[in-house]
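Asker: Below you will find the structure I want to go over with you.
The values are calculated or read from the model by the stated rules, or taken from the named source; none is laboratory data. Remember, it's a predicted structure, so these values are computed and weren't measured experimentally. For neighbour counting, all protein chains shown are included, and Cβ atoms are generated from backbone atoms with ideal geometry for every residue, glycine included. The area values use the complete protein model at the heavy-atom level, side chains included, leaving out ligands, DNA and RNA. Shrake-Rupley method; radii C 1.70, N 1.55, O 1.52, S 1.80 Å.
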Amino acid sequence: MRLRSQAWRGSRWAAIAVAFAVAAALAVIGGRPWAGEASAVAAAAPAGAQSGPQVVPKPASMTVGSGRFAVTAGTRIVAVGGSAAALAVAQDLAGYLRPATGYQLPVVRGNSQPGAISLMLGNESAISSDPDGEGYRLNVTTTGVTLAAKTAHGLYNGIQTIRQLLPVWINSPSVMPGPWTMPVVQITDFPRYTYRGVMLDIARHYETPAAVEQLIDQAAAYKINVLHLHLSDDQGFRIVINGFPNLTTIGGQGSVGTDGRTMDPGGYWTQAEYKAMVADAAAHFITVMPEVDTPGHNNAIIMSEYGDTANPLLNGHPQDINCGANNPPVWDYTEDVGYSAMCPDSQNTWTILSAIISQLDSMSTSPYHDLGGDEVPSTLLSQSQYASFINQEAGIVQAGGKTVMGWADIAGPGTNLTGPSVAEYWNPASGSSSDTITGTEAVAKGMKVVMAPANHAYLDQKYLAGSAGNVPPTLGLSWACNTGCDVDQFYNWDPGGYVTGVTDSNVIGVEGAMWGETVVNLSNVDYMTFPRLPALAEIAWSPKADRTSTSSPAYLDFVGRLAAQGGRFLAAGQNFYPSPEVPWRLDLAASNVVAASDGGVNGRLATLSAPGFPASAITATINWGDGATTAGTVTGTPATAITVNGLYAVSGSHTYARPGVYDATLTVSAANTAPATVHFTVRWNG
């Protein structure tokens, strides 16, 4: 899982919240509030980018026509045939579109009708390579939209594509100006792999249920379908287990870098909170797979239960669970690994783990249970002891009806994982290197594989490191990415050909792993996760392509489409890293303006998304429609080392000579990207 020296240490830093100003705030024009009687939006595509839909992940097949379909105040969303499952997804679509459009978008049962967005379930024979029913067909014409799929999950994937066909401002939580149009297009789409995951470590730094639910919503937009939740590690145990209160009251108190819990008090979830999160994930068609890492990475468990002599479920001698390097055990809130282990010969070990496994699996929707299994030095447990531990725990998992999953170490000598099992390959090694042995061992034992090589899929790695720089300066590690891993590293690899002998017949999917040593809140997580998770989502969803270099057509096409996601992130108030590898574009939204009684206009004219561009690098020019042209002013939240800039406000001032209606134009420009232009109407009633 994490190949590094115990001497490494992480830095401590304060959490910095991101403030994103969405365009709901009122600006004053000549002493009056704005009046938005009509509106306009504009987007600038980066130079050389394709002019078609900018959808991520790229659909399996897409044909673009001419014209556009407009979502208006009169648009209905129809669940064709009255299917309850289709109706639920139709309501999801309405929920996504209502906040930004301000439209009612009634959801009804019935037949497809002109001007409507229609969702239908049926046997979609055109989607032949879709065994799990996650595919969909989408047909957008100038007079209506039809989305069809075999399953509700397929429909849900389709509405994520619909969202990306609309302007970036559709992600705003408050009303933005239209028009809300999407291009005429025909799409047939289905995933390459059935498992498309994101892992979040809430053990090393506690994350709230609300933060995890936000990440679920963000990941679902890119057709991610598994949340792998790392619930326990040396520094913290995060979920209440009935019968073992010490696991959270003691084990949930700290986090990495707290130096004895003096800076970060940690935290834990109740089972009710966990169930609510699982339900929220299910509503996004994401299954939740829990992981309590064993037999190593469990100092929090050992510290909690070592002295639990009064617990009637234990035999009065719980000290025998400790096979770690320290006896008695001690807290270590650094990033050290490889010093803790639970003893396979202790009945107390199995009493504790049986309770954890049974309770977690009864609350979780994934067919898999992840038992961890990584980084247990032979100085703590011999290979035979380790294999015995894995085999016994696997039996408990399988007896509960779940499929065993773990880090690829579980495929090592002596393990006998009967029945279906999955190894997650995390080692950076590729090809036929000797360090790929865990991957080839897994295949030799008939196990399936989820690919997550750390130098292509670990979201905790810095974007730039070592001689290349230090970005971000206070977040991330670099053991797997000595010079950093930007978007290109996450995109330019093939899961089905990364390790010699591990092919697509063995691989079931891909996972991005967000380890928690240096991230203390969702803003930090988002900065490290995006835009790299969309790259992994495309690797896992889209058809196999020649993803080999930054000059390949596939990569150039991808970063062009990825550029359009910046405005979506900003509109939603989501933090991300404005990678210099991505040709981020400018997006504008402007409202009509009513001049003051003296003909004066003075205030905000538009909202601007400009990822990675400081306000000082942006030039704004306003043609007021009466022959006058003046410079505009760009203001907004400046970026920090771990936050992207917020949405900018573009303001200007002008006084008209006579009453009238004026067609004004605002143009913004910045180096190395195309300018964006938007028209707005100024009314002076005199």
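Asker: Condition first: in contact (Cβ under 8 Å) with a residue 60 or more places away in the chain, within 19 Å of Thr249 (Cβ to Cβ) and of a type in the set (Val, Ile, Thr). Now tell me which residues in segment 289-329 satisfy that.
Answerer: Hits for segment 289-329 are Val292, Ile301.
Asker: Please go through segment 245-298 and give me each residue that is open to solvent by 40 Å² or more (accessible area, probe 1.4 Å) and closer than 21 Å to Thr309 by Cα, ordered by number.
Answerer: Pro245, Thr249, Ile250, Gln253
Asker: A further question on this structure: For segment 413-434, which positions are open to solvent by less than 40 Å² (accessible area, probe 1.4 Å), out of contact with any Pro (no Cβ under 6 Å at 6 or more places or on another chain) and either in a loop (DSSP other than H, G, I, E, B) or under 22 Å from His228 (Cβ atoms) (or both)? Give the derivation first.
Answerer: Step one: filter segment 413-434 for residues open to solvent by less than 40 Å² (accessible area, probe 1.4 Å), giving 415, 417, 421-429, 431.
With the extra rule that they be out of contact with any Pro (no Cβ under 6 Å at 6 or more places or on another chain), the set shrinks to 415, 417, 421-427, 429, 431.
Correct list: Thr415, Leu417, Ser421, Val422, Ala423, Glu424, Tyr425, Trp426, Asn427, Ala429.
Asker: Looking at segment 60-100, which of its residues are under 28 Å from the mean Cα position of the chain (by Cα) and in a loop (DSSP other than H, G, I, E, B)?
Answerer: Hit for segment 60-100 is Ala60, nothing else.
Asker: Something else: Run down Ala590, Ala540 and say which single residue is assigned to a helix (DSSP H, G or I), in contact (Cβ under 8 Å) with a residue 40 or more places away in the chain and among the small types (Gly, Ala, Ser).
Answerer: On the way: Ala590 fails: assigned to a helix (DSSP H, G or I).
It is Ala540.
Asker: Let me ask something additional. Exactly one of (1) open to solvent by less than 10 Å² (accessible area, probe 1.4 Å); (2) in contact with a Ser or Thr (Cβ under 8 Å, 6 or more places away or on another chain) is unmet by Gly501. Its number?
Answerer: Only one criterion in (1) open to solvent by less than 10 Å² (accessible area, probe 1.4 Å); (2) in contact with a Ser or Thr (Cβ under 8 Å, 6 or more places away or on another chain) is unmet by Gly501, namely (1).
Asker: Give the residues of segment 309-327 that are surrounded by fewer than 20 Cβ atoms within 10 Å (Cβ to Cβ) and either touching a Pro at 6+ places or on another chain (Cβ under 8 Å) or of a type in the set (Asp, Glu) (or both), sorted by residue number. Walk me through it before giving the result.
Answerer: Step one: of segment 309-327, the residues surrounded by fewer than 20 Cβ atoms within 10 Å (Cβ to Cβ) are 309-313, 315-317, 319-320, 325-327.
If the condition is that a residue be surrounded by fewer than 20 Cβ atoms within 10 Å (Cβ to Cβ) and either touching a Pro at 6+ places or on another chain (Cβ under 8 Å) or of a type in the set (Asp, Glu) (or both), then Thr309, Asn311, Gln319, Asp320 are the ones that fit.
Asker: For residues that are among the polar types (S, T, N, Q) and in contact (Cβ under 8 Å) with a residue 40 or more places away in the chain, scanning just segment 362-412, find the one that is surrounded by the most Cβ atoms within 10 Å (Cβ to Cβ). Before the answer, list the steps.
Answerer: Our first condition is that a residue be among the polar types (S, T, N, Q); within segment 362-412, this holds for 362, 364-366, 378-379, 382-385, 388, 391-392, 398, 403.
Applying the additional criterion that residues be in contact (Cβ under 8 Å) with a residue 40 or more places away in the chain yields 364-366, 379, 385, 388, 392.
Working: Ser364: 21, Thr365: 15, Ser366: 24, Thr379: 10, Gln385: 19, Ser388: 18, Gln392: 14.
Out of the qualifying residues, it is Ser366.
Asker: Look at Val330 and say whether it is buried (at least 23 other Cβ atoms within 10 Å of the Cβ), in a loop (DSSP other than H, G, I, E, B) and not acidic (Asp, Glu).
Answerer: On the way: buried (at least 23 other Cβ atoms within 10 Å of the Cβ): no; in a loop (DSSP other than H, G, I, E, B): yes; not acidic (Asp, Glu): yes.
It is false that Val330 is buried (at least 23 other Cβ atoms within 10 Å of the Cβ), in a loop (DSSP other than H, G, I, E, B) and not acidic (Asp, Glu).
Asker: Moving on to the next point. Of all residues in segment 350-361, count the ones that are surrounded by fewer than 18 Cβ atoms within 10 Å (Cβ to Cβ) and either part of a loop (DSSP other than H, G, I, E, B) or in contact with a Phe, Trp or Tyr (Cβ under 7 Å, 6 or more places away or on another chain) (or both).
Answerer: Residues meeting the conditions: 1.
Asker: When only residues in segment 660-673 that are open to solvent by less than 30 Å² (accessible area, probe 1.4 Å) and outside any strand (DSSP E or B) count, which is farthest from Thr633 (Cα to Cα)?
Answerer: If we take residues in segment 660-673 being open to solvent by less than 30 Å² (accessible area, probe 1.4 Å) and outside any strand (DSSP E or B), then Thr673 is farthest from Thr633 (Cα to Cα).
Asker: While we're here: What do you reckon, is Asn242 under 26 Å from Ser354 (Cα atoms), of a type in the set (S, T, N, Q), open to solvent by less than 10 Å² (accessible area, probe 1.4 Å) and over 21 Å from the mean Cα position of the chain (by Cα)? Spell out how you get there, then give the answer.
Answerer: Working: under 26 Å from Ser354 (Cα atoms): yes; of a type in the set (S, T, N, Q): yes; open to solvent by less than 10 Å² (accessible area, probe 1.4 Å): no; over 21 Å from the mean Cα position of the chain (by Cα): yes.
Here the answer is no, as Asn242 does not meet what is asked.
Asker: So if I check each of Ile127, Ile159, which one is open to solvent by less than 10 Å² (accessible area, probe 1.4 Å), among the hydrophobic types (A, V, I, L, M, F, W, C) and within 14 Å of Pro57 (Cα to Cα)?
Answerer: On the way: Ile127 fails: within 14 Å of Pro57 (Cα to Cα).
Answer to the check: Ile159.
Asker: Confirm whether Leu215 is over 26 Å from Met514 (Cβ atoms) and touching a residue at least 24 places away in the same chain (Cβ under 8 Å). It would help to see each step written out before you state the result.
Answerer: Values: over 26 Å from Met514 (Cβ atoms): no; touching a residue at least 24 places away in the same chain (Cβ under 8 Å): yes.
For Leu215, the condition - over 26 Å from Met514 (Cβ atoms) and touching a residue at least 24 places away in the same chain (Cβ under 8 Å) - is not met.
Asker: Can you name the condition, by its number, that Asp526 falls short on among (1) in a loop (DSSP other than H, G, I, E, B); (2) at pLDDT 95 or above?
Answerer: Failed condition: (1).
Asker: Can you give me the ranges of the helices (runs of 4 or more DSSP H) entirely in segment 435-510 with at least 3 residues that are out of contact with any strand residue (DSSP E or B) (no Cβ under 8 Å at 6 or more places or on another chain) and closer than 26 Å to Pro580 by Cβ? Please lay out each step first, then the result.
Answerer: Numbers: elements: 437-444, 454-457, 487-491.
The helices (runs of 4 or more DSSP H) meeting that bar are 487-491.
Asker: State all residues of segment 632-659 that are in a strand (DSSP E or B) and in contact with a strand residue (DSSP E or B) (Cβ under 6 Å, 6 or more places away or on another chain); if no residue qualifies, say none. Spell out the reasoning first.
Answerer: Initial filter on segment 632-659 (in a strand (DSSP E or B)): 633-635, 640, 643, 648-655.
Thr633, Val634, Thr635, Tyr648, Ala649, Val650, Ser651, Gly652, Ser653, His654, Thr655, listed by residue number.
Asker: Quick check on my filter: what residues within segment 539-566 are surrounded by 24 or more Cβ atoms within 10 Å (Cβ to Cβ) and not hydrophobic (A, V, I, L, M, F, W, C)?
Answerer: Gln565, Gly566
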